[in-house]
Amino acid sequence: MLRNVAELVTTPKGKVGRPSRAMTLDQATAMLEQAKASRLHGYVVVSLLTGIRTEEARALLWSHVVAWVEDEQQWRPVTEAGWDHERFAIYVWRSVRANGDTKTEKSRRTLELPTQAAEALRTHHLRQARERLAAGKRWQDHGYVFASQTGTPLDASHVRRAFKAITKKAKIGEDWTPRELRHSFVSIMSDNGVPIETIADLVGHASTAVTEEVYRHQLKPVITKGAETMNTIFKQNEAKSA
């Protein structure tokens with residue numbers, strides 16, 4: 001007699017989830033300040049200021065961080081072009097999903113980096129170079145932007161723990177998750193009048209309908225560019241805090 005083996009397994013009871021939420025601009029600013037002392041700083045800044053998914057951030061390669069080389073009028077990887085340039089972008093072409101591809105075809109996108117995100121990546125690149133030297137033969141070169149101290153892929157649980165430590169220090173609570181950086185991005189963009197069509201393109205949605213459905217709590221009832229907006233928003237907020 002055949003028997004379903006699944007019947008022999010006692011499955012654990014899942015925890016009741018809570019709706020995802022978004023940080024206010026003040027909360028995000030406080031969080032960014034506390035993140036400066038963390039290895040996760042670059043990860044947090046890029047995620048918040050570009051709205052990329054957590055699985056996209058963990059799969060980002062240095063070869064997909066590019067600088068605009070004015071003399072050549074083209075984008076080149078920073079590993080070749082260096083950091084002495086004005087404009088930077090990331091190719092969001094991969095994720096840590098099973099097939100290594102982004103969630104959908106529309107999710108493949110190129111995003112110019114706000115100044116603060118580019119500076120965070122520059123600092124992160126130097127930090128990783130020091131870690132590579134310290135690791136010596138233990139270093140495994142996979143080319144990841146955000147990696148462990150030996151170059152291996154970042155574990156999602158490690159990212160969650162490190163992020164909770166940052167939000168705790170920022171005094172905004174410990175129950176935030178990395179995916180809510182993306183929700184915060186959408187909310188901040190919407191608060192500052194960025195059209196939903198632009199937000200949908202930035203977060204890699206196939207249509208505005210998807211954006212409205214997934215981020216309906218972050219989008220404001222009346223919605224009146226990516227890097228330029230974030231530069232202005234955080235520059236103004238830093239000036240008010242000074």
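The values are calculated or read from the model by the stated rules, or taken from the named source; none is laboratory data. As the structure is a computational prediction, the values presented were derived from the model and not from experiment. Cβ placement follows ideal geometry from the backbone for every residue including glycine, while neighbour counts extend to all protein chains displayed. Protein only, heavy atoms only, side chains kept; ligands, DNA and RNA dropped before computing areas. Shrake-Rupley method; radii C 1.70, N 1.55, O 1.52, S 1.80 Å.
Odds and ends about this structure:
- Extension gain, Glu55 back to Asp191 (0.36 nm per residue minus Cα-Cα distance, nm): 46.4 nm
- Theoretical FRET efficiency, 1/(1+(r/R0)^6), r = Cβ-Cβ of Asp26 and Gln149, R0 35 Å, to 0.05: 0.60
- Across Lys36/Lys137; Lys36/Lys240; Lys164/Lys240, pairs whose alpha-carbon gap is larger than 22 Å: Lys36/Lys137; Lys164/Lys240
- List Ser241, Ser190, ordered by accessible area with a 1.4 Å probe, largest first: Ser241, Ser190
- On the chain, 51 percent of the accessible area sits on carbon and sulfur atoms, based on a 1.4 Å probe.
- At a probe radius of 1.4 angstrom, the accessible area of the chain per residue rounds to 56 square angstrom.
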